[in-house]
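Notes follow once the structure below has been shown.
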Amino acid sequence: MPKIALGFTGCKVNNYEIQVLSEALESAGMEVVSFNDKADCYIINTCTVTSKADTSSRNLIRRAKRISPEAKIAVTGCYAQLKPEKVSRIGIDLLIPNSEKEKIPGKVLGLIGENGRKHVIDDTAEYGSFIISNMRNLTRGFIKIQEGCDRRCTYCTIWMSRGPLKSRNPRYVIDEINRLYDNGYLEVVLTGVHIGKYRYGDLGFPDLLEKILSDTDIPRIRLSSMYPTEVDDRFIRILSDRRICPHVHLSIQSGDDYILKKMGRDYTVNDLRRIIGSLNASIPDITVGGDIITGFPGETDRQFRDSIGLVENTDIHHLHVFSFSARPGTRAAEMNDMVSPEVIKGRTNLLRKLGTMKKTEHLKKFINRDLQVLFENRMADNNGILTGLSENYLRVNASGDNNLRGNIIRVRPHSLENSVLIANIARN
Ligand code: SF4
């Protein structure tokens, strides 16, 4: 039986798509093996969100060639979409654009001389009609609800690589959530390129959330990043349902109006303050996270201090800080007032430090208070410490039986170590 290994870099969408391919190739009788094992064919889903992602994509391809020099290499994803010549130069056998991902199982079977083997993906069927049954080795299921984006932020290449907005029929989303729940998953993460832009006929993102709440029983529904202006009053009302995890991650990007405008973002710092304020005022114990880019072209010290000020003066509880990376083909890469790498590095370190302080402050609020934690399949370390996430996205470790893994358990944190709550399993 031919062996297939699958690997990816990048986002939850890439991870989800690898799951789809894994199940499709198993249905065709292929043996899906670990990426570190020898295989007859490797399928790699690449990312190009930053220059670092480009490098990891190339390294993954080279690693496959090192592990199995004779193997066939099939590459897809955003880096392959935007830089096909660079990928081909590494020496691969098949390059598949993002728009033809449904065709990968058939093309790969052809590549390894297994034409005619039937598999479960019908590439003539409606977009996104294939439903996954599990999420290899993961405790939470990822559900891709849409892809593509119609915004044109000046630093971004995703809209170029992922193309126009495409949303899945809600029936497939609901069926997928119910199947994962039937298979023991207690939490799903709704993911996509721009989930707030989900639209299927008259059904927008808030409608989809209400439909998921009414047509499924899964206890935890988590959302991936949200574009700030899509966090409106109706969204916040729906978010108050405790089955939707009280955790919102906002793609903020900057705390300065001039820089937001240069980025092509259509909101202001006052909008951000209002949105963050409404979330904290409306949803008890919510965790609000944010993405911020440092060193965008033209960013002065004062404008950077505005980002610091926004984080200091609002209830943002953790940060993902990205150093500006000029992506070829974007308008930002053409801007002539680039900030020096040393200055960018300094700003990134400063903001990350502040982010850690805000996170610690937030975590401390939950010491000696009960939390519901979904313990993950993996252990924190070798001496049997369980690790998991609370509904409001706090990392918690506790000692307990292996059979608690994959379950939602009530715990009571008693201390904090390196941004992780240390807890006891609640007995009564
Ligand atoms: S909204 Fe997000 S995906 Fe869309 S163009 Fe902007 S940064 Fe890119």
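The values are calculated or read from the model by the stated rules, or taken from the named source; none is laboratory data. Being a predicted model, the structure only gives us computed values, none of them experimental. Positions of Cβ are generated from backbone atoms using ideal geometry, with glycine treated the same way; all protein chains shown enter the neighbour counts. Ligands, DNA and RNA are stripped out before the accessible areas are found, and what is left, the full protein with its side chains, is counted by its heavy atoms. Shrake-Rupley method; radii C 1.70, N 1.55, O 1.52, S 1.80 Å.
In terms of its alpha-carbon gyration tensor, region 47-91 comes out prolate; a/c meets the 1.5 threshold, and the first ratio a/b outweighs b/c. Three principal axis extents of region 210-261 based on alpha-carbon atoms, in descending order, are 44, 17, 14 Å.
Solvent-free Debye calculation, one equal scatterer per alpha-carbon of region 3-111: log10 I(q)/I(0) at 0.13, 0.23 Å⁻¹ equals -0.39, -1.36. Ranked by the mean number of other Cβ atoms within 10 Å of their residues, highest first, the peptides 175-181, 414-420, 397-403 come out as 175-181, 397-403, 414-420.
Estimated translational diffusion coefficient (Stokes-Einstein, Kirkwood radius over Cα pairs, 10 °C, 1.306 mPa s) of region 220-376: 96 µm² per second. One equal scatterer on each Cα of region 286-414, no solvent, Debye formula: the resulting log10 I(q)/I(0) at q = 0.14, 0.18, 0.22 Å⁻¹ is -0.74, -0.93, -1.16. Local charge for residue 18 was computed over the other residues whose Cβ lies under 12 Å away, with Lys and Arg +1 and Asp and Glu -1, and equals +2. Every pair of different Cα atoms in region 121-274 enters the Kirkwood calculation, which places the hydrodynamic radius at 16.6 Å. The mean sequence separation of alpha-carbon pairs under 8 Å and at least six residues apart, normalised by the residue count of region 102-203, gives a relative contact order of 32 percent.
Ranking 211, 365 from most to least accessible surface, computed with a 1.4 Å probe over the protein chains only, gives 365, 211. Across region 371-425, the relative contact order, built from alpha-carbon pairs under 8 Å that are at least six residues apart, equals 36 percent.
A convex hull fitted to the Cα coordinates of region 371-425 yields 68 cubic angstrom per residue. All alpha carbon pair distances within the chain were sorted into 10 Å bins beginning at 0; the resulting P(r) in whole percents reads 4, 20, 29, 29, 16, 3, 0. In this structure region 236-342 gives 41 Å² per residue of accessible area when probed at 1.4 Å with all protein chains present.
For residue 33, nonlocal amide neighbours, meaning residues 5 or more places apart or on other chains whose placed amide H falls under 5 Å from its own, are 4, 5, 6. Working note: Karplus 6.51/-1.76/1.60 with θ = phi - 60° gives region 211-217 the couplings 5, 4, 5, 7, 9, 9, 10 Hz, where Gly and Pro are set to x.
Note on the chain: helix-only mean residue ellipticity at 222 nm, from DSSP H runs of 4+ residues weighted -39500 (n - 2.57) and normalised by residue number, equals -10500 deg cm²/dmol.
Within a straight-line Cα-Cα reach of under 17 Å, residue 118 can be paired with the following aspartates and glutamates, leaving aside sequence neighbours fewer than 8 residues apart in one chain: 23, 26, 31, 102. Seen from residue 298, the other residues with C-beta closer than 14 Å to its C-beta sum to a net charge of -2, counting Lys and Arg as +1 and Asp and Glu as -1. Do the alpha carbons of any pairs in 38/144; 38/103; 166/197; 52/345 sit beyond 18 Å of each other, and which pairs? Violating the 18 Å limit, Cα to Cα: 38/144; 38/103. Give the aspartates and glutamates reachable from residue 86 as a straight Cα distance under 12 Å; neighbours fewer than 8 places away on the same chain don't count. The qualifying aspartates and glutamates are 54. Close amide H pairs (under 5 Å, H built 1.01 Å from N) link residue 293 with 253, 254, 322, residues at least 5 positions away or on another chain. Could you tell me how far the Cα centroid of region 278-311 sits from the Cα centroid of region 40-111, in Å? Centre-to-centre distance over Cα atoms comes out at 36 Å.
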